[in-house]
Amino acid sequence: MLVLGIETSCDETAVALVEDGVTVRSNVIGSQIDHHRPFGGVVPEIAARAHLEMMLPTIGQALVEAGATYDDLEGVAVTAGPGLVGALLVGVAAAKSISLAHDIPLIGVNHLEGHVCATQLEHGLIDPPMLALIVSGGHTSLVLLDREGGFTSIGATIDDAAGEAFDKVARFIGLPFPGGPEIDRLSRDGDPTAIAFPRAMLNSGNYDFSMSGLKTAVIRELRRMDAVGEEIVLADVAASFTEAITDVLVTKTIRAAEEHDVERVTLVGGVAANSRLREALADRCRAAGRRLLLPQPVLCTDNGAMIAAAGFNRLAAGQTTAVDLDADPSLGLHAMPIAHT
Ligand code: KG4
Ligand code: ZN
């Protein structure tokens, strides 16, 4: 079953073709980074306009790369939310048009459900129970997935998302947008123990996170070093900051897996591309006897393949969406159907 997936919730115009919910036939990601970089962040109006320009060529390229035509499609899945409303609308309009013109079932997908389903592109169809750490530019949540595909959020950030913290710290130290990958690269040459940044809410007794204090601590430390004339080694700052975020995310994830007795853990969302976070969670899962399901980095950041995978699951469960589907910038996470082979 071939499903086309369209993702336009933020600044990637992404389209992919996925077979049977697991095999990526094409995965085209048109980045708008050059449009947004001069502004140091995503500008919603610019994102929507760039999606409009790139939407049809990106769909065409995804079909060509997969060697497929519209006639081969059995479903068209699209991110309906959460995200930037103007950006979402472009993908939703494109998906509805394809659905109507070619009489193909339409499937509206939650962006976070998509991130979780990236796991099945690497490790086979999702087989809950599973614990998902979702870390992106807009979200930081620990979610339990039960056998029926129900989602229970057991903790989330009370302020900034993890990706937001990476981007803000990067911006402060003069790195280009998006800052996450830049800090990742810089950290590899740094000493993660150089500066003891705070581990906020590590022992808060729940699974919530707080990231904004860490960002402030980095800024304060840099100002202090500057004021006393201490040499600032940016690689050490980046590595120590990454270590503090990683420590909290990993410790709480392992604690949750143990307390809820879940054997399978997955790490998804853009920040899941972070090399130190991947390595640390893999080590700690191994030590705790848990199995970590990690999508490759290109499937962690926004892409159409994860949306097609989630769409396949819904389609296989007979859940299609009416063509009056609307973009919903604050769409909530609901139970997700589990596809079985
Ligand atoms: O999932 P995503 O592509 O878009 C959202 O749904 O938000 O996540 C984007 C976020 C950005 O904040 C970006 O800086 C961060 O993911 N990110 C990273 C890395 N790659 C992307 N953060 C840390 N290390 C990385 N390697
Ligand atoms: Zn995302």
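What number of residues in the stretch 1-29 are within 16 Å of ligand 1 (Cβ to nearest atom) and buried (at least 20 other Cβ atoms within 10 Å of the Cβ)? Before you say what the answer is, go through the steps one by one.
Initially, the stretch 1-29 is screened for residues within 16 Å of ligand 1 (Cβ to nearest atom), giving 5-16, 27-29.
Narrowing further to those that are buried (at least 20 other Cβ atoms within 10 Å of the Cβ): 5-16, 27-28.
The qualifying residues number 14.
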Exercise. Just for the stretch 249-263: of the residues that are of a type in the set (D, E, K, R) and either closer than 19 Å to residue 210 by Cβ or touching a strand residue (DSSP E or B) at 6+ places or on another chain (Cβ under 7 Å) (or both), which one is surrounded by the fewest Cβ atoms within 10 Å (Cβ to Cβ)?
Worked result: 263
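Among the strands (runs of 3 or more DSSP E) contained in the stretch 19-118, which hold 3 or more residues that are within 16 Å of ligand 2 (Cβ to nearest atom) and touching a His at 6+ places or on another chain (Cβ under 9 Å)? Give the steps one after another, and end with the answer.
Working: elements: 23-31, 75-81, 106-110.
Of the strands (runs of 3 or more DSSP E) lying wholly inside the stretch 19-118, those with at least 3 residues that are within 16 Å of ligand 2 (Cβ to nearest atom) and touching a His at 6+ places or on another chain (Cβ under 9 Å) span 75-81.
Filter the stretch 258-288 for residues that are assigned to a loop (DSSP other than H, G, I, E, B) and in contact (Cβ under 8 Å) with a residue 24 or more places away in the chain; which is nearest to residue 81 (Cα to Cα)? Talk me through it step by step, then tell me what you get.
To start, the set of residues in the stretch 258-288 that are assigned to a loop (DSSP other than H, G, I, E, B) comprises 260-263, 269, 274, 288.
From what is left, the residues that are in contact (Cβ under 8 Å) with a residue 24 or more places away in the chain are 260, 262-263, 269, 274, 288.
Working: 260: 29, 262: 28, 263: 30, 269: 15, 274: 24, 288: 35 Å.
It comes out as 269.
So which residues in the stretch 293-328 are surrounded by fewer than 16 Cβ atoms within 10 Å (Cβ to Cβ) and either within 16 Å of ligand 1 (Cβ to nearest atom) or small (Gly, Ala, Ser) (or both)? Quick ask: steps written out before the conclusion?
Step one: list which residues in the stretch 293-328 are surrounded by fewer than 16 Cβ atoms within 10 Å (Cβ to Cβ), which gives 296-298, 317-319, 322-324, 326.
Within the stretch 293-328, 296, 297, 298, 317, 318, 322 meet the criteria.
Quick check: is even one residue across the stretch 302-310 modelled with pLDDT of 95 or more and away from ligand 2 (no atom under 16 Å from the Cβ)? Write out each step before concluding.
Residues of the stretch 302-310 modelled with pLDDT of 95 or more: 302-310.
With the extra rule that they be away from ligand 2 (no atom under 16 Å from the Cβ), the set shrinks to none.
No, the stretch 302-310 contains no residue that is modelled with pLDDT of 95 or more and away from ligand 2 (no atom under 16 Å from the Cβ).
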Seminar exercise, completed: For the stretch 127-164 the number of residues that are in a strand (DSSP E or B) and either over 14 Å from the mean Cα position of the chain (by Cα) or of a type in the set (D, E, K, R) (or both) is 11
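Okay, residues lined up against (1) more than 18 Å from residue 199 (Cα to Cα); (2) in the same structural domain as residue 85 (by TED's automatic domain parsing); (3) more than 10 Å from ligand 1 (Cβ to nearest atom):
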site	(1), (2), (3)
133	no, no, yes
149	yes, no, yes
153	yes, no, yes
167	yes, no, no
172	yes, no, yes
Exercise. Applying the selection to the stretch 173-209, what residues are within 23 Å of the chain's Cα centre (by Cα), over 16 Å from residue 251 (Cβ atoms) and in contact (Cβ under 8 Å) with a residue 12 or more places away in the chain?
Worked result: 176, 177, 178, 179, 180, 181, 182, 183, 184, 186, 187, 188
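The values are calculated or read from the model by the stated rules, or taken from the named source; none is laboratory data. Because the structure is a prediction, the values reported are computed rather than measured. Note: ideal-geometry Cβ built from the backbone for every residue, glycine included; neighbour counts use all protein chains shown.
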